[in-house]
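Working notes, beginning with the structure itself.
The values are calculated or read from the model by the stated rules, or taken from the named source; none is laboratory data. Bear in mind that the values here come from a model prediction, so they are computed numbers and not experimental data. Every residue, glycine as well, gets a Cβ built from its backbone with ideal geometry; the counts of neighbours run over all protein chains shown. What goes into the accessible areas is simple: the full protein's heavy atoms, side chains included, and nothing from ligands, DNA or RNA. Shrake-Rupley method; radii C 1.70, N 1.55, O 1.52, S 1.80 Å.
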Amino acid sequence: MGIDPTKSLIEIRIEGTKEYYNAVKGEISKLVADAISSKTTIYFDVKVNRKSENDSRDEKWHPIFTSIREETDKKFEEYKGFAYSFHPEPLQIIIKTDLNKSKWWNSNKKVNEIEKYVQEIIKLKREELVIEEIPYEIIIRGKKNKKLN
């Protein structure tokens, strides 16, 4: 829910199917507007929107993404950034590093360490937050944005 007093607008986002949204949006809007007008002399327009599946998924995974960023930054000095994308599927979790693509064992070992570490963070946070498992891939990028794994 969001309130914008400068525009006298209250915006409410609800989860659910399109059918559910269409069935309740008018009732929710009226109930909220009536409740506010009964307590104040201020009139607010009430706008009810449906929260998309993408918004819901983003919201649920946000704590996982935050943990990945914070914990990976603490553990690996090579870590330089984080990105994610739900499109195209599967979810792409992108770890940016300052590693070079190399034929040397050492560089590949570090890429594997980072990837396993991120997988463990995802597993632990998903269990802690009781978030459904969805397909994902971890992409480790190096200097010049080259894919390393």
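If you roll a 1.4 Å probe over the chain with all protein chains in place, what percent of the accessible area is carbon or sulfur?
Ligands and nucleic acids excluded, carbon and sulfur give 50 percent.
Go ahead and run the numbers for FRET between E127 and E11, Cβ-Cβ distance against an R0 of 25 Å, rounding to 0.05.
0.15
Please compute the length gained on full extension between K74 and K47, using 0.36 nm multiplied by the number of residues separating them and subtracting their Cα-Cα distance.
Working: separation 27, 0.36 × 27 = 9.72 nm, distance 4.24 nm.
Fully extending the segment from K74 to K47 adds 5.5 nm.
Among bridges DSSP assigns within the chain, what percent are antiparallel (round to 5)?
45 percent
Return the calculated 222 nm mean residue ellipticity for the chain, to the nearest 500 deg cm²/dmol, obtained by summing -39500 (n - 2.57) across DSSP H runs with n ≥ 4 and dividing by the residue count.
Values: 3 runs with 70 residues, N = 149.
The per-residue figure over the chain is -16500 deg cm²/dmol.
Let me know the charge dipole size of segment 1-96 about its Cα centre in debye, to the nearest 20, where only the beta-carbon of Lys, Arg (+1) and Asp, Glu (-1) is charged.
180 debye
Using a Cα-Cα cut-off of under 15 Å, which aspartates and glutamates could be cross-linked to K143, ignoring same-chain neighbours fewer than 8 residues away?
The qualifying aspartates and glutamates are E77, E78, D98.
Starting from the 7 Å offset along Cα-to-Cβ, what nm value, one decimal, do you get for the label separation of A83 and K60?
Output for this residue pair reads 2.5 nm.
What distance in nm lies between label points placed 7 Å from Cα along the C-beta direction at T40 and K109?
Distance between the two pseudo-spin positions: 6.3 nm.
Any idea what angle helix 18-39 forms with the longest principal axis of the chain, computed on alpha-carbon atoms, 0 to 90 degrees, nearest 10?
Compared with the principal axis, the helix lies near 60 degrees.
Where in the chain is the longest stretch that carries no chymotrypsin sites (Phe, Trp or Tyr not before Pro) classed as loop by DSSP and with at most 12 other Cβ atoms within 10 Å?
44-103
Please report Rg over Rh for segment 55-147, where both radii come from the alpha carbon positions and Rh follows the Kirkwood definition.
When Rh is taken as the Kirkwood radius, the ratio is 0.97.
Between the helical axis of 53-75 and the dominant principal axis of the chain, each derived from Cα atoms, what acute angle in degrees is found, rounded to the nearest 10?
Once rounded, the angle reads 40 degrees.
Please identify every one of the trypsin sites (Lys or Arg not before Pro) in segment 79-149 that sits in a loop by DSSP and has no more than 13 other beta carbons within 10 Å of its own beta carbon.
K103, K146
What spacing in nm lies between the two simple spin-label points modelled at L31 and I134, each 7 Å away from Cα in the Cβ direction?
Result: 2.8 nm between the two label points.
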